[in-house]
Every structure is written in structure tokens, then in C-alpha cells.
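This report refers to the structure that appears directly beneath it.
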Amino acid sequence: MTIDKKEQGSALQIAVSGRLDTTTAPQLEAELKRSLDGITELDLDFSGLEYLSSAGLRVLLAAQKVMNQQGKMTIRHVNETIMEVFEITGFSEILTIE
């Protein structure tokens, strides 16, 4: 998994590519914990994400809880496979996906 981060003021864009699974989820979790202080707008670009496991979903849920208190989180460019995971798990109701 690769994480590409761009910060502009209180807005943060993170592009995630590869696999977000049990092995890589702690990497994204650590990056988010380091980066979210003072952020009011978090954009996650999933155009390069190929696979999402329950460990990845847990990281997204934790990030959503933080962003609910300090701003908004949007997930963009989700492919069909990842969208299916969001729909089956009910995460499509919790997350803002564009």
C-alpha cells in the first residue's frame, strides 16, 4: 500500500493505493493519527485502492468518528469492488462517498 498526502491549510487529501488489509491498516491508522490535528476537511482518494478488508474498514470508521467532531470526511473515486464492500457492510450509509 502507498499513501500520498497533500495538506493545504486545514484541508488534507490522502490518496491510498494498493491493498488496505490487516497488514497495511496500521500504517494508514498511524498516518491519520499523526495528520488529523487541526484538519477540518479530509478527502480520501481511493482511485488506486484494489482491496479493502475489515481492518481497513475499522480504520475508516475511527477516522470518521474523529472528523465528525472537527469537520467532514469524504471518500472519492471508489471502484466497483470497494463500493460493494461499503454497501454490504452498511458503511455506505455512514460514510460520505462521491
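Observations on the model:
- Of the options (i) 1.44; (ii) 1.06; (iii) 0.97, only one is Cα Rg over 2.2 N^0.38 Å as computed from these coordinates, and that is (iii).
- For segment 1-51, the share of alpha carbon pairs falling in successive 10 Å distance bins from zero is 26, 56, 18, 0 percent.
- Residue separation of Ala62 and Arg34 scaled by 0.36 nm, minus their Cα-Cα distance, works out to 8.7 nm of gained length.
- With neighbours defined as other Cβ atoms within 10 Å of a residue's Cβ, the residues Ser54, Ser35 order from fewest to most as Ser54, Ser35.
- The slack between Arg76 and Thr2, meaning 0.36 nm per residue of separation minus the straight C-alpha distance, is 25.0 nm.
- A Cβ-based charge dipole, computed about the Cα centre of the chain with Lys and Arg at +1 and Asp and Glu at -1, lands at about 340 debye.
Since every read-out is calculated from the coordinates, none of them should be taken as a lab result. Please read these numbers as outputs of a predicted model, since none were measured by experiment. A quick note on method: Cβ atoms are made from the backbone with ideal geometry, for glycine too, and the neighbour counts reach across all protein chains shown.
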